[in-house]
Each structure stands twice: as structure tokens, then as C-alpha cells.
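Each reported figure results from applying straightforward, stated rules to the coordinates on display, with no laboratory input. Given the structure is predicted, the values throughout are model-derived calculations rather than measurements. For neighbour counting, all protein chains shown are included, and Cβ atoms are generated from backbone atoms with ideal geometry for every residue, glycine included.
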Amino acid sequence: MTTEHFADKPFLAMRQQTPRVPASPSRRRFLQAGAITSLAGLAPLGKALSNSAADSLAEAFSALKPLGSRVHPITADEYRGRLQHAQKLMAELEPKYDALFVAPGTSLYYFTGIRWGMSERLLALVLPRTGDPIIVVPAFEEGRMREKLQFPAEVRIWQEDQSPTKIAAAALADRGMRTGKIGVEETAP
């Protein structure tokens, strides 16, 4: 059949003109098959090696003691201590920092124990040099945030038609901080 036969059906004409696949294997397939065959010959040797490795691992692990009694979860007091230490450092630095802005990620988890993914909707911990931290959160996430908090914090919510950064600025202004130096975590959006 010729392409003129499919003049009113261009997609059928394109499908008919597809090049044929060669009958001989490609170089890639040939090399893959050779590698698999070579590795298959080493399987019995690997089993012998893994048995001796398993024996030495068993001896090493038999001397270990359980960690259960020595490892404890991080307490709310420890998170509070981390926040207070950050506030102390902000006061000692020259020039002093008036607040610290922390976005979701490892720093938020370090200071609060809260795991929260990055999103197009801002959630932030704003830690002033003195006083309780401020959490800025979308209104629909407020309940979930309050459940996760382990220490006193002021929670400021923002609606979809509001600017979360203006909400954070207003929270600081309500505490008398209208100007100042704010440290912004490097992963913050």
C-alpha cells in the first residue's frame, strides 16, 4: 500500500511507515547477555563468601547490647532548651539578631520536633530574641499544627487571600519589633 491510499487518514500512514526492527541483536543487548552469563558463573563463589562473612558478622553482633534503655525520645524541655539557646546566641552576636525565620525542614524539626514538608503555602517558625516562638501557618493546617506543638507558642494563621509574611511581620510588630535584623534560614523560600 502507498501513502496515497491513506491520504484521508494521516495517522494510519505514519504507522505504516515505521522502520522495521533488525533481526540481529543490538550491541547493547549482546553485552548485557554476556555480563549476565559471566555473573551467573560467579554465583556459587559468592555464596561461599557470604557464608564466611555471615559468620564473622554474627560474632561481631553477639557482643552488642540493646539500645532500648539508653536511647530516649527528645522531650519538650529539650526543644525549649534549643529555642532558648538560639535566643541566647541571637543576643550575643554583633550585630544582634532580633528574630530568626525558620522554614520547614531539618531546622524546624531540630527546634520543634515537627516534621512538615515544603509547600507553596508558607509555614514558618519565627523565633524572636525574647519571648515565645511564633508559628505562622495556613488556616486549614492550624489544627494539625496545634496537635504537633510540644511547647508554648503563638500560632498566627493566614487565609488564602492574605500574605503570610505580612502576618509574621504583624506578629513581631505586636511585640514591639517594627524594625530590626532577622536571620533567615538558608533553605527558606
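Computed quantities for the displayed model
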item	result
Calculated from backbone phi, Karplus (6.51, -1.76, 1.60) coupling profile of the range 153-164 in Hz, x at Gly/Pro	7, 7, 9, 10, 9, 10, 8, 4, 9, 10, 9, x
Added length on full extension, which subtracts the Cα-Cα distance from 0.36 nm per residue, Asp132 to Leu67	19.9 nm
Summed side-chain charge close to Ala139 - residues other than Ala139 whose Cβ falls under 13 Å, Lys, Arg +1, Asp, Glu -1	0
Cleavage-rule hits, trypsin sites (Lys or Arg not before Pro), the range 97-189, DSSP coil, Cβ neighbours within 10 Å at most 14	Arg115, Arg121, Arg178, Lys181
Proximal charge balance of Ser119 [Cβ under 14 Å; K/R count +1, D/E count -1]	0
FRET efficiency estimate (nearest 0.05) - Cβ-Cβ, Lys181 to Glu59, R0 45 angstrom	0.20
In sequence order, calculated HN-Hα J values of the range 111-117 (Karplus, 6.51, -1.76, 1.60; Hz; x Gly/Pro)	7, 10, x, 9, 9, 9, x
